[in-house]
Amino acid sequence: MGLGLNYTPDKVYDVIIIGAGPAGSTAAIYTARAGLSTLVLFRAEADGALGVTQQIENYPGVPGPVSGYELLKIMREQAKSFGAEFVRGKVIASDLKGEIKKVFTIDGREFQGKTVIISSGAMERANKFKGEEEFLGRGVSYCGVCDAAFFKDKPVVVIGEDDYALEEAEFIARFSNKIYLVVPSSRIKAPEEEIEQIESLENVEILLRHRVVEIVGNQLVEGVKLKDLNKMEEKTLNVDGVFIFLGGTKPSVEFLMGQVEMTEGDCIVVNEEMMTSVPGVFAAGDVLCTNIKQAVIAAADGCKAALAVDKFVNKKAKITSQW
């Protein structure tokens, strides 16, 4: 799965960038090129709104059509060429108040940095399924790497429709004897090679256009009620576990735990240099809830944040432009 487990836990990076969409990847290009040690934490290869966009034709300098995933790969490779490190890991917690910032991923790793750029996008779910909170930790999980082994030789449901869900489902399939991959829409929003890979697994059954009605059970999960949107019929799958990897439209900021100033809609507040209310913590992209959601605008935010990080780390009197 490319979890990026080869990291140095005691290393203090100049900057940790959370999110590898256009804002985070652009920021990494600029910070790495400025000679700052740069770590980018990302949830999935085709992460974020751009990663699941089928066709881009208006990104400056990149003649289309090109998929959002392909455009992201170009950005990330450019950042890597300047020395930026990209590590896969879903961030779930942080400690930002000290001089050295700490970021924690769902698989138990800790990363340290002098500064942080929050570019985690806006794909958090606003609504939960009936029974989801009730059975959290009792059959409901948000992490395949953490919990798949508990479902060895047992049937489970995996709910999702992007490459993050596919990567997690592929890992869970090493343990579970049967996976029902429940996809709410009519197609899986992932690179074709990843779709072909999941389709090749004998213990995975893909259910397109199926919506979760309720997660049911007694003390533990015992099943999932679904609605087949093709036949407009309901059915129940008897399973022991439910893994949820769905996105939404809310800013993905739960890991901040209220440490930076935000609006009532969980949009991060920044100054003209993209710094949050916490010194050394910056933000860029869709977490700012910019009215116009375009990759080029998110990339510009990332550039501004990166130049401000360079000023902060190197204690410059003013922002220095790069060419």
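Here are the numbers for the structure shown:
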quantity: Any hit, the stretch 211-223, residues being among the hydrophobic types (A, V, I, L, M, F, W, C) and farther than 16 Å from Gly131 by Cα; calculated: no
quantity: Scan of the stretch 273-299 for residues that are at pLDDT 95 or above and either assigned to a loop (DSSP other than H, G, I, E, B) or out of contact with any Pro (no Cβ under 9 Å at 6 or more places or on another chain) (or both), ordered by number; calculated: Glu273, Met274, Met275, Thr276, Ser277, Val278, Pro279, Gly280, Val281, Phe282, Ala283, Ala284
quantity: Only listed residue being surrounded by fewer than 16 Cβ atoms within 10 Å (Cβ to Cβ), at pLDDT below 95 and either of a type in the set (Asp, Glu) or part of a loop (DSSP other than H, G, I, E, B) (or both), chosen from Gly4, Gly83, Gly35, Gly98; calculated: Gly98
quantity: Residue that is surrounded by the fewest Cβ atoms within 10 Å (Cβ to Cβ), among those in the stretch 271-323 that are among the basic types (Lys, Arg) and under 12 Å from Ala23 (Cα atoms); calculated: Lys293
quantity: Candidates Ala93, Ala28, filtered to the one that is in contact (Cβ under 8 Å) with a residue 24 or more places away in the chain, in contact with a helix residue (DSSP H, G or I) (Cβ under 8 Å, 6 or more places away or on another chain) and part of a helix (DSSP H, G or I); calculated: Ala28
quantity: Inter-residue pairs, beta-carbon under 7 Å, first at positive phi and in the stretch 36-58, second part of a loop (DSSP other than H, G, I, E, B), 6+ apart; calculated: Gly48/Gly19; Gly48/Gly21; Gly48/Gly121; Gly48/Met123
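Residue-wise test of (1) surrounded by 20 or more Cβ atoms within 10 Å (Cβ to Cβ); (2) closer than 26 Å to Lys73 by Cβ; (3) in contact (Cβ under 8 Å) with a residue 60 or more places away in the chain; (4) among the small types (Gly, Ala, Ser).
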{"site": "Ala149", "(1), (2), (3), (4)": "no, no, no, yes"}
{"site": "Asp153", "(1), (2), (3), (4)": "no, no, no, no"}
{"site": "Gly160", "(1), (2), (3), (4)": "yes, yes, yes, yes"}
{"site": "Leu181", "(1), (2), (3), (4)": "yes, yes, no, no"}
{"site": "Gln197", "(1), (2), (3), (4)": "no, yes, no, no"}
{"site": "Leu201", "(1), (2), (3), (4)": "no, yes, no, no"}
{"site": "Glu205", "(1), (2), (3), (4)": "no, no, no, no"}
{"site": "His210", "(1), (2), (3), (4)": "yes, no, no, no"}
{"site": "Asn230", "(1), (2), (3), (4)": "no, no, no, no"}
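The values are calculated or read from the model by the stated rules, or taken from the named source; none is laboratory data. The structure presented is a predicted model; accordingly, all values stated were derived computationally and were not measured. In this analysis, Cβ positions are derived from the backbone assuming ideal geometry, glycine residues included, and neighbour counts consider all displayed protein chains.
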